[in-house]
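Asker: Pasting a structure below so you can have a look.
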Amino acid sequence: MCGTGSDDVLHLAANAFSGPGDEIIYVRYGFAVYDIAARRYGGTPIVADDADYGTDVDAILAKVNDNTRVIFIANPNNPTGTLTSGEEIARLQKSLPGNVLLVLDGAYTEYLEEDEDDGALELAKSKSNVLVTRTFSKIHGLAAERIGWGYASENIIGAMNRIKLPFNVTTAGQAAALEALSADDFVASSREHNQKWRQWLSDELGALGNHGLRVIPSHTNFLLVLFEGKVTAEHANSALMEKGYAVRWLPGQGLVTGLRITIGTEEETRGLARALREILEAAG
Ligand SMILES: Cc1ncc(COP(=O)(O)O)c(C=O)c1O
């Protein structure tokens, strides 16, 4: 099914499969929409512990009980950029009761290398309790067109379709998405650019470790950078803003020490690294 962004599909999943008294699990530092979607339909959000900012399958399994209805996992995850292996995802699915819906949110899948595939689509094809969501908002650059999709067994998609609002994706969004599907060169060059500059920025910021910076290894088009020294993430955020760089400080998601920095053009990425170095060096 398509939706007005994969966000729409995530909400439909929570709406169709949970309600008051039901529990929805996601991992600490998971995508912010999971909490909103869980509460919106009266369910109870349950947060599983992370493993050094990544998804911990055992911590999720420890939270599963008779009230569990939905588990949301972004793989790779926003805002941490972490990736959970296909083996771990398969182990999670295998350990779940059949009436628990496992939602595998692949908003950033296209940024992965071929050998990093987490097998989500294959699982959705063969298991009746797995829903994969994908989007045209990230590597395809069509966020404002609001178009995403979900893939799952007929029962799951059928239940979601029955409650979906009748007026949904726009004609322009559909046309743009269809064009994007044949723009292989654009996707390949975006992935290549992202890999090159993500590595470059990661190395540059990693070299600022003496200022207390820690970069979480990323599989997406952004880096989560932790500020564990004298300069706080809050200060770096406002100082970067003054220099013309908009990054994301994430206190609302429990990441008071974190900035999420998106990979931009070469000029933007070099400029950001220079600006951040100046901010840290000015603080001594
Ligand atoms: C992990 C993840 N899933 C889903 C979405 C929703 O994207 P959209 O509704 O634009 O498809 C986002 C957007 O930030 C995201 O980061």
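Asker: So, in segment 4-24, how many residues would count as being over 26 Å from Gln174 (Cα atoms), buried (at least 22 other Cβ atoms within 10 Å of the Cβ) and more than 16 Å from the ligand (Cβ to nearest atom)?
Answerer: 2
Asker: Still on this structure, I have one more. Do we have Val231 as in contact with a His (Cβ under 8 Å, 6 or more places away or on another chain) and of a type in the set (Val, Ile, Thr) here?
Answerer: yes
Asker: Out of segment 26-83, which residues are of a type in the set (A, V, I, L, M, F, W, C), within 16 Å of the ligand (Cβ to nearest atom), within 18 Å of Gln93 (Cβ to Cβ) and open to solvent by less than 20 Å² (accessible area, probe 1.4 Å)?
Answerer: Val27, Val70, Ile71, Phe72, Ile73, Ala74
Asker: Another question, then. Being surrounded by 19 or more Cβ atoms within 10 Å (Cβ to Cβ) and within 13 Å of the ligand (Cβ to nearest atom), is that true of even one residue in segment 152-168?
Answerer: no
Asker: In addition: Out of all the residues in segment 108-141, which are surrounded by fewer than 20 Cβ atoms within 10 Å (Cβ to Cβ), within 13 Å of the ligand (Cβ to nearest atom) and not small (Gly, Ala, Ser)?
Answerer: Answer for segment 108-141, where residues must be surrounded by fewer than 20 Cβ atoms within 10 Å (Cβ to Cβ), within 13 Å of the ligand (Cβ to nearest atom) and not small (Gly, Ala, Ser): just Glu110.
The values are calculated or read from the model by the stated rules, or taken from the named source; none is laboratory data. All of these numbers come straight from a predicted model, not from anything done at the bench. Don't worry about glycine lacking a Cβ; one is built from the backbone with ideal geometry, like all the others, and counts go over all protein chains shown. Just the protein is used for accessible areas: all its heavy atoms, side chains included, with ligands, DNA and RNA removed. Shrake-Rupley method; radii C 1.70, N 1.55, O 1.52, S 1.80 Å.
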